[in-house]
1. Show me 20-27, 194-201 ranked by packing, highest mean number of other Cβ atoms within 10 Å first.
2. So what is the relative contact order of region 183-263, in percent, for Cα pairs below 8 Å that sit 6 or more residues apart?
3. Going by C-beta contacts inside 10 Å, put 79, 87 in order with the fewest on the left.
4. Mind pulling up the Rg/Rh value for region 3-77? Radius of gyration and Kirkwood radius, both on Cα.
5. Distance from the Cα centre of region 1-32 to that of region 247-263, in angstrom?
6. Using Cβ contacts closer than 10 Å as the measure, can you line up 226, 45 from fewest to most?
7. With springs connecting C-alpha atoms under 10 Å apart, model the chain as a Gaussian network and identify which of 50, 176, 114 has the largest mean-square fluctuation.
8. Contact order normalised by length for region 202-314, with contacts defined as Cα pairs under 8 Å and 6 or more residues apart; what percent is it?
Ligand code: G3H
Ligand code: 13P
Ligand code: ZN
């Protein structure tokens, strides 16, 4: 199976009460780690590329690396569905570039604009994407958190308004919608207890039955990696993510796509730090990058099997 869109994937996930993991990819080892985990668990998977990833690795490299992953799977007789997705597309041009170069899904993130401007921009991307067989994720509401010094829980305006969500989906024709229910990007998501507005998710689910919802900022920031980073010379005290049981609950509701980037960074960094400390004689990148790749694979496998619920759903 080559690259596919999220259409069939999300339909099955919605009906089956599970979610698909969308993992950010920046280099070969990350792609290999994720693909090994998805293959071994026979799971559908979304590989997503951010603007930062495109800048770091060059869009052509990333596209070719994903093509290599598909080709390797073909040769090995593996048949899992893989989506190549643009994460947080900032403008029409970036979305167009990805659509033209073979992405099967793009996100247009108009959340920083007014409702009307967001509708207009999203519609423009949908009108370009759909005739070319590409699906579009949009965003409504603002993801924020302690990292932005914004107290989301006391500011209702930050959360997605369910009424607006219905109007937005109807007017734009987008295929999935990222909503703000209290998650945030990065490794410092909550100062005190983790709180998510499941009431908003439930309301959106009721008003848009069968429509796939996306959860950004959904890393759980595993404490084993935080401790490992800090133990081996890192300095990330108090890093905290979304508890896995909350992600599991969201996956049984309308959430069909769960975005994970920070957990990959933590898995890699913790292991590279450990390797540098415990094997000071090592100067072959394959040793520490190999260890980091294995850590990514194990972390992704754990998510697929115990959090997302998409194991065996390929
Ligand atoms: O949503 C943000 C993702 O974690 C991507 O991060 O822009 O640093 O690649 P990045
Ligand atoms: P995390 O920072 O929680 O991994 O979120 C990633 C994300 O939402 C990518 O779009
Ligand atoms: Zn995001």
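Readers should treat all values here as calculations from the given coordinates under stated rules, not as data from a laboratory. As the structure is a prediction and not an experimental result, all values here were calculated from the model. Cβ coordinates were reconstructed from backbone atoms using ideal geometry, including for glycine residues, and neighbour counts include every protein chain displayed.
1. Descending packing order for the listed peptides: 20-27, 194-201.
2. So the answer I get is 47 percent.
3. Going from sparsest to densest Cβ surroundings: 79, 87.
4. Ratio of gyration radius to Kirkwood radius: 0.98.
5. For region 1-32 versus region 247-263, the Cα centre distance is 12 Å.
6. In order of increasing Cβ crowding within 10 Å: 226, 45.
7. 114
8. Dividing the mean separation by the residue count of region 202-314 yields 30 percent.
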